[in-house]
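What follows draws every value from the coordinates through simple rules; no lab data is involved. Here the structure is a predicted model, which is why all the values come from computation and not from measurement. Virtual Cβ from ideal backbone geometry, glycine too; neighbours counted across all protein chains shown.
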Amino acid sequence: MAFEHVSVLLHETVDGLNVKPDGIYVDATLGGGGHAYEVCTKLGEQGGRLIGIDQDADAIKAAGKRLEGFGGEKVTIIRSNYCDMKPRLHEIGIDKVDGITVDLGVSSYQLDTAERGGFSYRVDAPLDMRMDQRQKMTARDIVNDYSESELYRVIRDYGEDRFAKNIAKHIVAERTKGPIETTGQLNEIISHAIPMKIQKTSGHPSKRTFQALRIELNHELDILRDTLDDMIDLLNPGGRLCIITFHSLEDRIVKSSFRKNENPCICPSHFPVCVCGNVSKGKVITRKPILPSEEELTVNSRSKSAKLRIFERA
Ligand SMILES: C[S@@+](CC[C@H](N)C(=O)[O-])C[C@H]1O[C@@H](n2cnc3c(N)ncnc32)[C@H](O)[C@@H]1O
């Protein structure tokens, strides 16, 4: 299946980077290379570089094809988790960059391709959900091996589903009959755990549970939380970090990290001067997040929940 993905907030993100023709830029979630391509068109002949990172082999292949016209001097593609961005860049002699983009979540290709294993409740497929195909554990292991209380925690914390307890209970009861192997089976179980009148008004009943399983399996929130400071530290003065989030759990982490990096002072508010010694690393460019335009929403419904936040290094 062809790698199809329409980039979200494309121009807003690339404009937000303030690309300098001779700058070094990182796309930490390369996907199909849509944002990266746009960055590359703004780089000059001399010195400008784009480093693209993704943990998904299919994304690496697709982006490699899309960006090959820019040549090996300009574009370097690395298969890695972006949590290892700092050491991966160091390995190729880069310790500072002029901008980083992060477009979180999954690509439309990952969502829509059955062989990629059930990221979406809309496609009947084996329960997999790994972004990095080298990883051993899959969503099937979570659904079949986690205890009821662990499943409850995952669906409550990462899906924010008010029926988390009931969904966990139904999963555990069903798997006594045999392993739960597919998204179709899981959909069926979830639909019995949520009252019918709620299902009629609250969108697809599986939406929150699927999000929760994906976040848990790929450690999405921990990785984001743990890497934000590294990304800000990697930036040259004036360099920018542009992050697109797709749900409130991600957005809250980005917003609070940006605020903390802008104003890290922990002195009590009645102190006349700062004595904690924490120094601001820069400023938040987007007081309010940038949202997709009406026009983008019309052509790409998957942009609906996207929010772009930008931080600039001092
Ligand atoms: C929404 S897509 C990016 C699409 C891309 N911006 C474009 O315009 O084509 C997100 C990509 O990030 C990758 N990804 C998500 N989390 C990652 C992580 N922690 N490390 C590396 N890649 C990650 C996924 O595999 C996926 O290919």
How would you rank ARG134, ARG208, going from fewest to most other Cβ atoms within 10 Å of each one's own Cβ? ARG134, ARG208
Can you tell me the relative contact order of the chain? Whole percent, Cα pairs under 8 Å, sequence separation 6 or more. 17 percent
Restricting to the chain, what percent of DSSP beta bridges are antiparallel, rounded to 5? 40 percent
Coil-residue GluC sites (Glu not before Pro) of the range 62-100, DSSP, other Cβ within 10 Å capped at 12: GLU73
Would you compute, for the Cα atoms of the chain, the largest minus smallest coordinate along each principal axis and list the three values in descending order, in whole Å? 62, 58, 40
Sparsely packed trypsin sites (Lys or Arg not before Pro) within the range 228-314, loop by DSSP, other Cβ within 10 Å at most 15: ARG287, LYS304
Could you tell me the extents of the range 250-312's C-alpha atoms along the three principal axes, largest first, rounded to whole Å? 52, 18, 16
Can you sort ASP226, ASP56 by how many other beta carbons sit within 10 Å, fewest first? ASP226, ASP56
Give the value in nm², to one decimal: projected area of the alpha carbon convex hull of the range 39-196, averaged over all directions. 11.7 nm²
Expressed in angstrom and rounded, the centroid-to-centroid distance over alpha carbons for the range 269-314 and the range 9-42 is 18 Å
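What is the order of ASP230, ASP141, ASP54, ASP98, fewest Cβ neighbours within 10 Å to most? Please report the intermediate quantities before stating the final value.
Working: ASP230 16, ASP141 13, ASP54 28, ASP98 23.
By the 10 Å Cβ count, ascending, the order reads ASP141, ASP230, ASP98, ASP54.
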When Rg is the radius of gyration of the Cα atoms in the range 125-218 and Rh is its Kirkwood radius, what does Rg/Rh come to? 0.94
Relative contact order for the range 125-218, counting Cα pairs under 8 Å that sit 6 or more residues apart, in percent: 38 percent
